[in-house]
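Written out below as structure tokens is the structure these notes cover.
Values in this text are rule-based calculations from the coordinates and carry no lab data. Keep in mind that this is a model prediction, so the values were computed, not measured. FYI the Cβ positions are ideal-geometry reconstructions off the backbone, even for glycines, and counts take in every protein chain you see.
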Amino acid sequence: MVTHKISVGAHYGLRDWLSQRITALVITLYTLLVIVIMFARGGEPVDYGAWRSLFDRGWFRVISFVFLLAVYYHAWVGVRNILMDYVKPTGVRLFLQGLVICALIAYTGWGIQVLWGLH
């Protein structure tokens, strides 16, 4: 007699694995870009004025926002997987996931405010 294992759950495996790798790549590339920009200053001190002039450029704001979205999605996948693995009561898990989603939405709004807010 052949028995088949019945799969249950959301089956996020490959999509999660791929999204973690892609977001990690975006995070790494942004970090390297910031490091290169800072070293390209030729020993000039990095002060508020230097950061301000960098973030006054529209292209850098967009790249920074993409970086923030990558960090938030990377965090969501990781936290969601941890909660799915270790928090067994469904109600508690859904409550915690809801809190994480609310926090990430708030962080996204805050990121928009910081990057494009009034100066």
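Can you give the helix-only mean residue ellipticity at 222 nm for the chain, where every DSSP H stretch with n ≥ 4 adds -39500 (n - 2.57) and the sum goes over all residues, rounded to the nearest 500 deg cm²/dmol?
Numbers: 4 runs with 91 residues, N = 119.
Computed mean residue ellipticity for the chain: -27000 deg cm²/dmol.
May I ask for the angle, rounded to the nearest 10°, between helix 58-86 and the longest principal axis of the chain, with both axes built from Cα atoms and the value confined to 0 to 90°? The two axes meet at around 30 degrees.
Largest GNM mean-square fluctuation among 58, 91, 42, using the chain with Cα springs under 10 Å: 42.
If you place +1 on the Cβ of every Lys and Arg and -1 on the Cβ of every Asp and Glu, how big does the dipole about the Cα centre of the range 20-119 come out, in debye to the nearest 20? Before the final figure, lay out the partial values.
Numbers: 8 positive and 4 negative charges, 56 e Å.
In total the dipole reaches around 260 debye.
Computed over the range 13-116, relative contact order equals 35 percent, with contacts defined as Cα pairs under 8 Å that lie 6+ residues apart.
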